[in-house]
Structure formats: structure tokens, C-alpha cells
Amino acid sequence: PATLRSRTAAREAHCVNNLRVLAQGLRMYDMCHLGFPYGTVVNPRLPPEQRLSWYVDVWSYVGDGQVHLNIDRDAPWD
């Protein structure tokens, strides 16, 4: 039981940390762009259900910024 509690606590701490990092990234995006990202990457040539997620816009602000995405923003997600 003690091992299970410690594993559960570690998982919860990991999730809380991930949420904190995501919130900090959103805050940095908001400060740079004076607003939060749209639900999808703006691309009028694609229907909303095929557009990339808002996370693509926020990616460079989340974490330590060491990993850069090489994504074609004009292509559908699928």
C-alpha cells in the first residue's frame, strides 16, 4: 500500500508539473501576442476539422524551447 501511494503521488506531481509548464507557455504566448491562440492554426484553405491544433502555435513557448517543430502549417493534420 505504501508503494502504491508513493507511485500515485509521483504521478500526480508529474501531471501537476506538466500543467504548470503548459500554463506558463500559454501565459508567455499571451504576453507576446496579446491574446490566447485560436482553437486551430488559422488556415482559410482548410476546414476547421482538418486544421492543426492550437498547440502548434504555443509549442515554442512551452518547456525549455529546445525542441522546434518542423510542420507544414498549410497541410491538414492528417
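The values are calculated or read from the model by the stated rules, or taken from the named source; none is laboratory data. Not measured: the values here are computed from a predicted model. Every residue, glycine among them, receives a Cβ derived from its backbone with ideal geometry; neighbour counts consider all protein chains shown. Surface areas here come from the heavy atoms of the whole protein model, side chains and all, with no ligands, DNA or RNA. Shrake-Rupley method; radii C 1.70, N 1.55, O 1.52, S 1.80 Å.
The table that follows gives values for the structure above.
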| quantity | calculated |
| --- | --- |
| Residue in the stretch 4-16 that is open to solvent by 50 Å² or more (accessible area, probe 1.4 Å) and either closer than 14 Å to W59 by Cα or touching a residue at least 60 places away in the same chain (Cβ under 8 Å) (or both) present | no |
| Residue selected from the stretch 47-56 under the condition open to solvent by less than 70 Å² (accessible area, probe 1.4 Å) and part of a helix (DSSP H, G or I), by the criterion nearest to G25 (Cα to Cα) | V56 |
| Hits in the stretch 60-77 - residues which are on the phi < 0 side of the Ramachandran plot, open to solvent by less than 50 Å² (accessible area, probe 1.4 Å) and more than 9 Å from the chain's Cα centre (by Cα) | A75 |
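Yes/no per residue for (1) on the phi > 0 side of the Ramachandran plot; (2) touching a helix residue (DSSP H, G or I) at 6+ places or on another chain (Cβ under 6 Å); (3) surrounded by 11 or more Cβ atoms within 10 Å (Cβ to Cβ):
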| site | (1), (2), (3) |
| --- | --- |
| R27 | no, no, yes |
| D30 | no, no, yes |
| G35 | yes, no, no |
| V41 | no, yes, yes |
| R45 | no, no, no |
| V58 | no, yes, yes |
